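J.: Here's a structure for you.
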Amino acid sequence: MADTAREAPAPVAAPGTDPGRRRRARVDGWLVGITALAAAVRLWGLGAQSLWYDEWLTTEATRGGLRDLVHHVATREGITPPYFLVMWGWVRLFGDGEVALRSLSVLAGVATVPVAYAMVGALGRRRGARLAAALVAVNPMLVWYSQEARPYSLLALLGALSALACVRARAAGAGRRDLGWWALAAAAVVAVHYFAAFLVAAEAVALAAAHRDRWRAVALACLPTAAVGLVLAPVALEQQSHAANRDWIAAFTLTSRVQDAGRSALLGPSMPADRLWWVAAAVVAVAAGLVLVRGSRAERAAAGLLAALGGAAVIVPLAVSVVGVDVFLGRYLVAGLVPLIGAVAVGLGVPRPPAVGLVAAATLAAVSLIVVVTVQTDPELQRPDWRSVAAAVDADRGAGAVLVVNVNGGQSSPLARYLPAGARRLGAREHVRVDRIDVLVGLPADRPCNMFVGRACGMVFLGAPLPPDVAAAVTLDRRVDLDPFAVERYRADAPVDVTVARLLAPADPAGAAVWVVPG
């Protein structure tokens, strides 16, 4: 009697059937509303934050010709070229403002919601599909990267499409068309990021296990991904030869990066409070308990498949980092995040008893929304605000002013976008005579610093005091507070001759950042 009382299957194509041959299912109103919510939270404040260093790299990749793009990706990135090729065309159509640069990620983030719905719906019930869509819509990590001009939102979308195609291709009666769609999705996601290969490998194993008698067809479907890998191999080798592309990752301990990946998957890379993570983790534990204890065989199989696909995208690269090249990083794993959320949704959607899963799902969604809203309203959890720094410098320019930013020049590179026309980095051996020196310092922050994400992280290198000989020639005029930054403004009675080495001694001048701002 309990089985007959269950709700109707989700309005998606049944496993092994061709959706084009079936009567078109009515659109689920819940999905429409959830997708609208996903769009709203991703469009909120889209252009309010200035670009941070990684997004500035995207602008550097796309501002020249295609040859310049290829050179940039090969020497300064650890990501495959296709995303930057897409963005190269995107900025020529829509411009390179903050909103335009991030809008592609917004579209990918919104599109991921119905894909998650279809992925879980193809395995089970409408309730689980709705829960998967809702959790993807408000997941703080997916929201964060939907507002960033980097490939991770697109990576999540293509990873979800790959998992959806795999689910459908595993079904009894699946034909060549289903394997063909998986082959296309798998090749596309690997083209966007190397780490997606771990998800695709797990999907290939799942398909081979489901279709042992058709192993040749499965092997043939893997060829497009193999071809993409061969094309990308020379780029990967060139990127690997540039130590700067990976050394910054290894500067953080592997343990800290694993912890960060777990926190980010549930509550994003800029989490306001640790206690929220424990609430979210408890909901995941409830989902696992429900599907193991109260779930049907089909529900356990569905959750197990999605958990295996998403888990492989995390565990295998972690093992590679332990025994081989260590480039393990939380955002590199985002291709497996939607399948993992889908596994949680299947568990929370177990209908016996229904209230437990629904309350737990509502709790996780509420915690996610709290994080999203807090990040949007708390400057210390946002990206470094280089725009406000540039505005403070430009508001009171003197003849030949310099801005001393930090002793790690790369993090301040977005200032090139926001400082007045003519501003430039001071060369390591260059002299300049100035009558004003602005020193950018970081104020104490009680927010976490997670792998350079969040405004406090962007400012970790600030605070180099002026050397005594320079300090003796200038006088502190005033201090401009900018939330977690401050600009200390010094003036000189007569022009002072300065160099990078003199301003930041004993720092390495090659790694320092001093900006010359014209009067």
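The values are calculated or read from the model by the stated rules, or taken from the named source; none is laboratory data. Model, not experiment: these values are computed from the prediction. As a convention, Cβ positions derive from the backbone with ideal geometry for all residues, glycine included, and neighbour counts pool all protein chains shown. Accessible surface is based on the protein model in full, side chains and every heavy atom, while ligands, DNA and RNA are left aside. Shrake-Rupley method; radii C 1.70, N 1.55, O 1.52, S 1.80 Å.
J.: If you take the beta carbon distance between PHE94 and ALA319 as r and set R0 to 41 Å, what does 1/(1 + (r/R0)^6) give as a FRET efficiency, to the nearest 0.05?
T.: Working from the Cβ atoms, E equals 0.50.
J.: Ordered by residue, what ³J(HN,Hα) values in Hz, to whole numbers, does the range 356-368 give under the Karplus form 6.51 cos²θ - 1.76 cosθ + 1.60, where θ = phi - 60° and Gly and Pro are x?
T.: These are the phi-based 3J(HN,Hα) values: 4, x, 5, 5, 5, 5, 4, 5, 5, 5, 5, 4, 4 Hz.
J.: Once the Cα gyration tensor of the range 336-443 is found, what semi-axes does its equivalent ellipsoid get, as square roots of 5 times the eigenvalues, in whole Å, sorted largest first?
T.: In descending order the semi-axes read 51, 15, 10 Å.
J.: Work out how much length ARG424 to THR475 would gain on full extension: take 0.36 nm times their residue separation and subtract the Cα-Cα distance, in nm to one decimal.
T.: 15.9 nm
J.: Keeping the other protein chains in place, figure out the carbon and sulfur percent of the accessible area of the chain, with a 1.4 Å probe.
T.: Answer for the chain: carbon and sulfur cover 63 percent of the accessible area.
J.: Over the chain, what is the relative contact order in whole percent, taking alpha-carbon pairs under 8 Å and six or more residues apart?
T.: Dividing the mean separation by the residue count of the chain yields 16 percent.
J.: So, one more: Points 7 angstrom from Cα along the Cβ direction at ALA36 and ASP483: gap in nanometres?
T.: Once both label points are built, they end up 3.0 nm from each other.
J.: Over all alpha-carbon pairs in the chain, figure out the percentage whose distance exceeds 42 Å.
T.: The proportion of pairs with Cα distances above 42 Å equals 24 percent.
J.: Let me know the whole percent of all Cα-Cα pairs from the range 287-405 that are separated by more than 21 Å.
T.: Beyond 21 Å sits 63 percent of the P(r) for the range 287-405.
J.: From the P(r) of the range 106-264, can you give the percent of Cα pairs sitting at distances over 23 Å?
T.: Across the range 106-264, Cα pairs with separations above 23 Å total 47 percent.
J.: For the Cα atoms of the chain, what angle does the longest principal axis make with the long axis of helix 337-348, in degrees from 0 to 90, nearest 10?
T.: Computed tilt is about 50 degrees.
J.: Under a point-charge model restricted to the Cβ atoms of Lys and Arg (+1) and Asp and Glu (-1), what is the dipole moment magnitude of the chain relative to its Cα centre, in debye to the nearest 20?
T.: With Lys and Arg at +1 and Asp and Glu at -1, about 2320 debye.
J.: Still on this structure, please answer the following. Can you compute 3J(HN,Hα) from phi for each residue in the range 412-425, using the Karplus curve 6.51 cos²θ - 1.76 cosθ + 1.60 with θ = phi - 60°, rounded to whole Hz and x for Gly and Pro?
T.: Along the range 412-425, the couplings run 8, 4, x, 4, 4, 7, 10, 5, x, 4, x, 5, 7, 6 Hz.
J.: Run a plain Debye calculation on the range 168-219 (Cα atoms as equal point scatterers, no solvent) and give log10 I(q)/I(0) at q = 0.24, 0.29 Å⁻¹, rounded to two decimals, same order as the q list.
T.: Values, matching the q order: -0.89, -1.16.
J.: Scan the chain and report its longest stretch carrying no trypsin sites (Lys or Arg not before Pro) that are both in a DSSP loop and have at most 16 other Cβ atoms within 10 Å.
T.: Longest gap between qualifying sites, sites excluded: 64-293.
J.: Just to be sure I follow the definition: excluding the sites themselves, where is the longest run in the chain that has none of the GluC sites (Glu not before Pro) in a DSSP loop with at most 14 other Cβ atoms within 10 Å?
T.: My reading of the result: 8-429 is the longest stretch.
J.: Just for the chain, what percent of DSSP beta bridges are antiparallel, to the closest 5?
T.: The answer is about 85 percent antiparallel.
J.: Taking amide hydrogens as modeled 1.01 Å from N in the peptide plane, which residues meet the under 5 Å criterion relative to VAL496, leaving out close sequence neighbours?
T.: Result for VAL496 returns VAL434, ASP435.
J.: If you take the beta carbon distance between ARG67 and LEU220 as r and set R0 to 45 Å, what does 1/(1 + (r/R0)^6) give as a FRET efficiency, to the nearest 0.05?
T.: 0.80
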